[in-house]
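The values are calculated or read from the model by the stated rules, or taken from the named source; none is laboratory data. What you are looking at is a predicted structure, and each value in this text was computed from that prediction instead of being measured. Neighbour counts run over all protein chains shown; Cβ positions are idealised from the backbone, glycine included.
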Amino acid sequence: MKSMRRVSDTAAVIVVSAAFTFFSPLAARAAGSLSAATIQGVVRSFMVKNHQKAVIVQVRSNGRDVYTGAFGESMTGVPATADMHFRNGALAFTYMATLLLEFVDQKKVTLDTKLSKYLPNLPRANQVTLKDLTQMTSGYADYVYQNAFQDALYRAPFRQWTPQELIRFGVTGPEQFAPGTNWGYCHTNYVILGEVLSKIAGMPLADALQRFVLEPMGLKQTTASTTPVVPAPVLHAFTSERREVLGIKPGVPFYEEATYWNPSWTTNDGAVETTDLTDLSVSLEATASGKLLSRASSAAQITPHLIGFGHKQNGCPACTEGSVAFSYGLGVILAGPWITQTLGFAGASGAVGTLPSRKLTIAVEATNGPGAYDAKGNTGLGAADLFRALADALAPQTLPPASR
C-alpha cells in the first residue's frame, strides 16, 4: 500500500539511540563489508536528516541474520525493539500474486483467464485478465486517488471498509486506460484479485493465504485480522496527514497517534495483515527463489517484463513507464537486480528487498517524527529512502538511481 501523502520535508531533529542490537561477528566476516558500524552509521544519519521517530532494521546474508537492530522510540519513553509488529501493507500483494501463480501451476486457472469468469458484473470484466490485475495493467481507477474516498477516510479513520465498497469506488471511477495498454499502480486491482482468489480456493482469502503461502514460506509472525489489532509488542506510529482535512492551520502543532487506525481500506479484508522484520525478509527471499512456484511461474513473477512499457498520462496519477530502476513484476517491485516491496500506512513505512546474486536481504520499518511532515501534512516513504541508503552502503552500485 502506498501512503496517500508523499511530499518530503525537513524541520525538526530527532534524538536517536540504539535501543536493541544483535550482531554476529562470524556472519559479518562471511559477508565482507556488512559491518554493524556501517549499518548503524547509515541509520543514525538518516534518522536525523529525515526526522524519523523510530527505525527497526534487519540485514541478512545467505539466509542468516547479519544484523538486527532498533533505534529511537516507539512511544515517548518506550524504546523501539526489533521484534515489534507492524502492518505489512503491500507484502499482501506479493502473497496474493504468489497464490494466483500456485493456482496456475495447479492448472486451476491461467494468467490469461478473463475476470468475467469469476466476477462477470464488473465493468470491462470480459477484457481484463487476471494477469492485468496482478501486474497493474487493468486500467481500473485506484480508489485511493478518489477525492470522495480520501475525504471519507481521513474524516473517519476508524471506519470499517468492505471489499465491495472499495471495488465500487474503483470501478465507478474514470477508466484510466484500456486494459493492457498502460501501467498504473492501483489498489483496486488487488481488492478484486482477492475476491477471485477466494472463489478459486473455495475458502476465505485469509485461510487460503495462510494455508498455501504464509505457512509454506515459513512465516511465523504474519497474521491476518479483520480488526485494527496489532499483536504485541507493537511499533506505534504517529502522523500529521489529516491536517488539511481537519482544517488545522500551518504553524499549529498537530501530530496524532495512528497505530490503530482501521487498515480495512488498504486491500481485500482477507489480506490485511501484520508482521515483523524477519517475516519481511523471509518473504522476499522465498519469492526470489521461487520456493512455492514452478520455474515458469517464478519467472513470470520476478522477471522485469514491463521495462519500456507504459507511459505517464493525464488523469492517471500513478501511470508511468517501466524502467530498469522501477518496474513491476507480479506483486513485486523490480529495481535492477533487486526484488523489492514497499509498504506505508499512517505514519509508518517499510521497505524490503533481496539481491539474489549476493544472497543479501535488507528489511526496514520506520515511523515519522513531527518534522517529517510539511505544512500541509505531507511526507514520503522514509523507509524506502533508508533502504536505498543501506543498499548503496552494503552493495554499492547494484541499485539503479531512482527514476521516479
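Within region 388-397, track down each residue that is free of Cβ contacts under 8 Å to residues at least 60 places away in the same chain and out of contact with any Phe, Trp or Tyr (no Cβ under 9 Å at 6 or more places or on another chain).
Looking only at region 388-397, we keep the residues that are free of Cβ contacts under 8 Å to residues at least 60 places away in the same chain, and these are 388, 391-392, 395-397.
Across region 388-397, the qualifying residues are Arg388, Asp392, Pro396, Gln397.
Which of the residues that make up region 218-256 are under 30 Å from Glu102 (Cα atoms) and within 18 Å of the chain's Cα centre (by Cα)? Break it down stepwise before answering.
If we filter region 218-256 for residues that are under 30 Å from Glu102 (Cα atoms), which is where we start, we get 218-231.
Passing the criteria: Leu219, Gln221, Thr222, Thr223, Ala224, Ser225, Pro228, Val230.
I want to confirm something. Restricting to region 307-321 and keeping residues that are at pLDDT 95 or above and surrounded by 20 or more Cβ atoms within 10 Å (Cβ to Cβ), which single residue is farthest from Pro179 (Cα to Cα)?
Top of the filtered list is Thr320.
Across region 359-382, which residue is surrounded by the fewest Cβ atoms within 10 Å (Cβ to Cβ) among those that are at pLDDT 95 or above and assigned to a helix (DSSP H, G or I)?
Ranking the candidates gives Pro370 first.
Name the residue, out of Val213, Val171, that is over 19 Å from the mean Cα position of the chain (by Cα) and either among the small types (Gly, Ala, Ser) or part of a helix (DSSP H, G or I) (or both). It would help to see each step written out before you state the result.
Working: Val213 fails: over 19 Å from the mean Cα position of the chain (by Cα).
Of Val213, Val171, the one residue that is over 19 Å from the mean Cα position of the chain (by Cα) and either among the small types (Gly, Ala, Ser) or part of a helix (DSSP H, G or I) (or both) is Val171.
Quick one: which residue in Pro163, Pro174 is under 21 Å from Glu273 (Cβ atoms) and touching a residue at least 60 places away in the same chain (Cβ under 8 Å)? Spell out how you get there, then give the answer.
Details: Pro174 fails: under 21 Å from Glu273 (Cβ atoms).
Of the residues listed, the single one that is under 21 Å from Glu273 (Cβ atoms) and touching a residue at least 60 places away in the same chain (Cβ under 8 Å) is Pro163.
Among all residue pairs at least 6 apart or on different chains, which show Cβ distances below 9 Å where the first residue, located in region 110-139, is loosely packed, with under 15 Cβ neighbours inside 10 Å and the second is hydroxyl-bearing (Ser, Thr, Tyr)?
Thr110/Thr129; Asp112/Thr129; Pro123/Tyr140; Pro123/Thr172; Asn126/Ser116
List every residue pair whose Cβ atoms sit under 6 Å apart, with the two residues 6 or more apart in sequence or on different chains, where the first one lies in region 72-95 and is of a type in the set (Lys, Arg) and the second, anywhere, is at pLDDT 95 or above.
Correct list of pairs: Arg87/Pro263; Arg87/Thr274.
Before we move on, is Glu215 among the acidic types (Asp, Glu) and at pLDDT below 95? Reasoning before the result, please.
On the way: among the acidic types (Asp, Glu): yes; at pLDDT below 95: no.
Spelling it out, it is not the case that Glu215 is among the acidic types (Asp, Glu) and at pLDDT below 95.
Within region 236-244, is there a residue that is under 25 Å from Asp65 (Cα atoms), crowded, with 21+ Cβ neighbours inside 10 Å and modelled with pLDDT of 95 or more? Write out each step before concluding.
As a first pass, look at region 236-244 and keep what is under 25 Å from Asp65 (Cα atoms): 236.
Next, only the ones that are crowded, with 21+ Cβ neighbours inside 10 Å stay: 236.
Checking the rest, the ones that are also modelled with pLDDT of 95 or more come to 236.
Looking for residues that are under 25 Å from Asp65 (Cα atoms), crowded, with 21+ Cβ neighbours inside 10 Å and modelled with pLDDT of 95 or more, one finds at least one in region 236-244, hence yes.
Among the residues in region 272-291, are any part of a loop (DSSP other than H, G, I, E, B), out of contact with any Asp or Glu (no Cβ under 9 Å at 6 or more places or on another chain) and either at positive phi or of a type in the set (D, E, K, R) (or both)? Outline the logic, then answer.
In the first step, residues of region 272-291 are kept if they are part of a loop (DSSP other than H, G, I, E, B); the result is 272, 276, 290-291.
Narrowing the set further to residues that are out of contact with any Asp or Glu (no Cβ under 9 Å at 6 or more places or on another chain) leaves 272, 290.
Restricting the remaining residues to those that are either at positive phi or of a type in the set (D, E, K, R) (or both) gives 290.
Among the residues of region 272-291, at least one is part of a loop (DSSP other than H, G, I, E, B), out of contact with any Asp or Glu (no Cβ under 9 Å at 6 or more places or on another chain) and either at positive phi or of a type in the set (D, E, K, R) (or both), which makes the answer yes.
In this structure, is Gly89 in a loop (DSSP other than H, G, I, E, B), at pLDDT below 95 and in contact with a Phe, Trp or Tyr (Cβ under 8 Å, 6 or more places away or on another chain)?
Numbers: in a loop (DSSP other than H, G, I, E, B): yes; at pLDDT below 95: yes; in contact with a Phe, Trp or Tyr (Cβ under 8 Å, 6 or more places away or on another chain): yes.
For Gly89, the condition - in a loop (DSSP other than H, G, I, E, B), at pLDDT below 95 and in contact with a Phe, Trp or Tyr (Cβ under 8 Å, 6 or more places away or on another chain) - is met.
Would you pick out the residues in region 214-262 that are of a type in the set (Gly, Ala, Ser) and without any contact (Cβ under 8 Å) to a residue 24 or more places away in the chain? Spell out how you get there, then give the answer.
Applying the first criterion (of a type in the set (Gly, Ala, Ser)) to region 214-262 yields 218, 224-225, 232, 237, 240, 247, 251, 258.
If the condition is that a residue be of a type in the set (Gly, Ala, Ser) and without any contact (Cβ under 8 Å) to a residue 24 or more places away in the chain, then Gly247 is the only one that fits.
Of the conditions (1) modelled with pLDDT under 95; (2) not in a loop (DSSP other than H, G, I, E, B), Gln40 fails just one. Which one is it?
(1)
For residues in region 156-168 being of a type outside the set (S, T, N, Q) and in a helix (DSSP H, G or I), which is surrounded by the most Cβ atoms within 10 Å (Cβ to Cβ)?
Here is the first cut: in region 156-168, the ones of a type outside the set (S, T, N, Q) are 156-159, 161, 163, 165-168.
Okay, now just the ones that are also in a helix (DSSP H, G or I), so 163, 165-168.
On the way: Pro163: 19, Glu165: 17, Leu166: 25, Ile167: 20, Arg168: 14.
Across region 156-168, the extreme among qualifying residues is Leu166.
Scan region 159-173 and tell me whether some residue there is modelled with pLDDT of 95 or more, under 30 Å from His51 (Cβ atoms), in contact with a strand residue (DSSP E or B) (Cβ under 9 Å, 6 or more places away or on another chain) and not small (Gly, Ala, Ser).
No.
Collect the residues in region 140-155 that are in a helix (DSSP H, G or I) and crowded, with 18+ Cβ neighbours inside 10 Å, keeping them in residue-number order.
At the first step, the residues of region 140-155 found to be in a helix (DSSP H, G or I) are 143-145, 147-155.
Within region 140-155, Tyr143, Val144, Tyr145, Phe149, Leu153, Tyr154 qualify.
Which one of these does Gly344 not meet: (1) of a type outside the set (Phe, Trp, Tyr); (2) assigned to a helix (DSSP H, G or I); (3) modelled with pLDDT under 95?
(2)
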